[in-house]
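Comments concern the structure below.
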Amino acid sequence: MDIVRISSQLKGFPWGGRVFLQSLVQQPDKMGVPIGELWMGVHPNAPSTVLETGENLASFLANNPQFLGDLHEFPFLLKVMAIERPLSIQCHPDAVQAQKGWEKEAPKRKVLDRAVWNYQDANPKAEMLVALTETTAMCGFLPAKQIENNLRKVLPKSYHSMFSHCEHASDPVRCFVQTLYRLDKATLAAVVAEYQESLESLDEKPNPPFLTVSEIASQVVAQYGADPGVFGPYLLQVVHLKPGNGIFLKPGVVHAYVQGNGIELMNNSDNILRAGLTDKHVDYEELFSIMDTSYQRVEEIPTITEGGRYCYQTDDPFFCLYRFESGSYDEGQVPVSLLLCIEGTVTVTRNSQSFSIGKGECLLLGANLENYHLEVEGCAYRASYPTKR
């Protein structure tokens, strides 16, 4: 046995939708709340089960280690995202930061609810997002000079007294961000009121179907008011993705997904340090300790194309992603993988074994599976452990 069917778990979030994921798994409005994510993997916050046996996926893998091959644990977490409005401003730790944070919070985990933990596990978290529909994200800080110009534009009255000292700081971006996030409530409310007034006077050319920077800013101000995260659109790079295009975010990159639907693939981690645009737990100082303030232009992930097979090229050592459009494919052996049907049907055949799945269904492909045939009518994504490390 090298192939089994696994379940996925829907997760409700206020920023989620009521159509996309419900349609994907063919369960219209089952939970009665907006659904933002569909999880597939072993993470304890929403673990999959093996449909043939009813076992928790982590337990199944412990009892069937041949599925993992040379690995000691399942290496990634696969999600589908449905984003109706912006997520929180956030970033994630690298391996050293995650281990230190997890150890530091050991006393907290004994007495406080999981909802207020900064670290849900000891794992690093890099991630990639590949758009299924037109998708917008804010990710990675802008250059310091551009942030300065933006803040001058949207805060013409208060910029000099509150932020001009940052121009001479050793790390101007960090200074801008920390100054903003450390404002007292009354000052922050006044600054956001000035910001809102400036937004109303800006004349930015529309860019349908995508939101403009000022439209994103106006939306988050209307929703969150005096929250430092509302300045995100003028601190971070705004990236628009067409279907099939993706971005890769290393640990430490501050970001917030804004609108759209996509495949998200990451380390097996749920470590999120939040900094505004949320009702959940925030810890600004912890986020400051792990955020990367350097400027690196966010580029779309390069892909290698072979017929209707697309390989998304990143340097992450724990996961890689493939997209299969309608067609026939003869696949060689790959490490443990998840195969998700997004549209139509997918059939995997090896010798006398044949498994077919429909829209929203997922297969676990074991590391011993080799030389199998893939028949796709529609679209499928395969998340795998990289073969080259």
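The values are calculated or read from the model by the stated rules, or taken from the named source; none is laboratory data. No experiment lies behind these values; they were computed from the predicted model shown. Cβ atoms come from the backbone with ideal geometry, glycine included; neighbour counts cover every protein chain shown.
Couple of notes before you dig in:
- Segment 35-60: number of residues that are surrounded by 19 or more Cβ atoms within 10 Å (Cβ to Cβ), closer than 22 Å to Gly262 by Cβ and not β-branched (Val, Ile, Thr): 8
- Single unsatisfied condition, Val50 versus (1) modelled with pLDDT of 95 or more; (2) within 23 Å of Asn123 (Cα to Cα): (2)
- Test set (1) within 17 Å of the chain's Cα centre (by Cα); (2) modelled with pLDDT under 95 - Ile301 fails condition number: (2)
- Some residue of segment 305-321 being assigned to a strand (DSSP E or B), of a type in the set (D, E, K, R), touching a residue at least 24 places away in the same chain (Cβ under 8 Å) and surrounded by fewer than 21 Cβ atoms within 10 Å (Cβ to Cβ): no
- Close pairs from segment 269-282: first under 11 Å from His255 (Cβ atoms) and touching a residue at least 60 places away in the same chain (Cβ under 8 Å), partner of a type outside the set (S, T, N, Q) and surrounded by fewer than 21 Cβ atoms within 10 Å (Cβ to Cβ), Cβ under 7 Å, at least 6 apart: Ala275/Tyr181; Ala275/Tyr284
- Residue within segment 202-224 that is at pLDDT 95 or above, in contact with a strand residue (DSSP E or B) (Cβ under 6 Å, 6 or more places away or on another chain) and part of a strand (DSSP E or B) present: no
- Positions within segment 337-389 being more than 19 Å from Leu10 (Cβ to Cβ), in a strand (DSSP E or B) and either out of contact with any strand residue (DSSP E or B) (no Cβ under 6 Å at 6 or more places or on another chain) or of a type in the set (D, E, K, R) (or both), in sequence order: Arg350, Gln353, Ser354, Glu375, Glu377, Arg382
- Test: residue in segment 236-253 that is hydrophobic (A, V, I, L, M, F, W, C), farther than 19 Å from Ala137 by Cβ and either without any contact (Cβ under 8 Å) to a residue 40 or more places away in the chain or surrounded by 20 or more Cβ atoms within 10 Å (Cβ to Cβ) (or both): no
- Of the set (1) closer than 24 Å to Val177 by Cβ; (2) in contact with a strand residue (DSSP E or B) (Cβ under 6 Å, 6 or more places away or on another chain); (3) assigned to a loop (DSSP other than H, G, I, E, B), all apply to Gly232 but (3).
- Scanning segment 291-304 for residues that are assigned to a loop (DSSP other than H, G, I, E, B), in contact with a Gly (Cβ under 9 Å, 6 or more places away or on another chain) and under 17 Å from Glu127 (Cβ atoms) yields a count of 5.
- Residue match in segment 274-286 (condition: outside any loop (DSSP other than H, G, I, E, B) and buried (at least 24 other Cβ atoms within 10 Å of the Cβ)): no
For every residue, the table says whether it meets (1) more than 25 Å from Ser59 (Cβ to Cβ); (2) buried (at least 17 other Cβ atoms within 10 Å of the Cβ); (3) in contact (Cβ under 8 Å) with a residue 12 or more places away in the chain.
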{"site": "Ser326", "(1), (2), (3)": "yes, no, yes"}
{"site": "Ile342", "(1), (2), (3)": "yes, yes, yes"}
{"site": "Ile357", "(1), (2), (3)": "no, yes, yes"}
{"site": "Glu361", "(1), (2), (3)": "no, yes, yes"}
{"site": "Ala383", "(1), (2), (3)": "no, yes, yes"}
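- Put simply, of Gln146, Gln99, Gln178 the only residue that is free of Cβ contacts under 8 Å to residues at least 60 places away in the same chain, surrounded by 13 or more Cβ atoms within 10 Å (Cβ to Cβ), farther than 30 Å from Arg382 by Cβ and out of contact with any Leu (no Cβ under 7 Å at 6 or more places or on another chain) is Gln146.
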